Amino acid sequence: MSTLVYRFEEIAPRPLRPEVYELDGISRASVEAHYKLYEGYVAKRNEILRRLADVDLAAANQVFSELRALKVDLSFAIGGIKNHELYFGHLGGGGGDPEGAFGDLVSRHFGSAGAWRDDLKATGMAGRGWAWTAYDWDEGRLFNYVGDAQNTFPIWNATPLVALDVYEHAYFLDYQTDRASYIDAFFDNLDWSTVNDWVSKYQIQK
Ligand SMILES: [Fe+2]
């Protein structure tokens, strides 16, 4: 059996900042349950990378290829990690209209904060799992993209700056089926200083 030795480091879940447990309109119980799911994605990522070392590469083209299944699951787990680190990372602020460099980008590419917010909210209502505001390096502008799952449909060469989780697990405890009210609460808790740190870190020009 031919296998590949995968060299990888196990990763650990990033702890949440204390303010993420004290959001307006999104309960501590909801955040705690949500964080457990994020921990699950981290554990799954580590497990899949371990298991990949034992896969028979010669069988990779079989209809039910173990390699294919593991790699698809890996994209789901890693997507779940990245999406939730963005999501939890930029919650805990005072919300309101986008400020600073991100606010300037929004004004330039959407016309106004209200237009950006309306579009992202509608995208979140239409999606099954995620809506992201991302800077597309090829287009040189922001877009609001839709995602159905942790691994669908990110765009190559785009950097996400806002990640709105619209999976039911994000809001069912607090809002049952009222996703629109949850999305309003999400906007009310965004931390613009964090988003602007990302704009600066990635050197996105206004
Ligand atoms: Fe989630």
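The values are calculated or read from the model by the stated rules, or taken from the named source; none is laboratory data. Small disclaimer: the values here were computed from a predicted structure and weren't measured. Glycine also receives a Cβ, built like all others from the backbone with ideal geometry; neighbour counts cover every protein chain displayed. Just the protein is used for accessible areas: all its heavy atoms, side chains included, with ligands, DNA and RNA removed. Shrake-Rupley method; radii C 1.70, N 1.55, O 1.52, S 1.80 Å.
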>> Given the options Gly114, Gly94, name the one that is more than 16 Å from the ligand (Cβ to nearest atom), surrounded by fewer than 16 Cβ atoms within 10 Å (Cβ to Cβ) and not in a helix (DSSP H, G or I).
In response: Gly94
> Which of the residues that make up the range 99-132 are basic (Lys, Arg) and touching a helix residue (DSSP H, G or I) at 6+ places or on another chain (Cβ under 8 Å)?
Replying inline: Arg117, Lys121
>> Can you pull out every residue in the range 19-42 that is free of Cβ contacts under 8 Å to residues at least 40 places away in the same chain and away from the ligand (no atom under 15 Å from the Cβ)?
In response: Tyr21, Arg28
> Given the structure, is Phe88 open to solvent by less than 40 Å² (accessible area, probe 1.4 Å), within 16 Å of the ligand (Cβ to nearest atom) and either closer than 30 Å to Arg28 by Cβ or not in a loop (DSSP other than H, G, I, E, B) (or both)?
Replying inline: yes
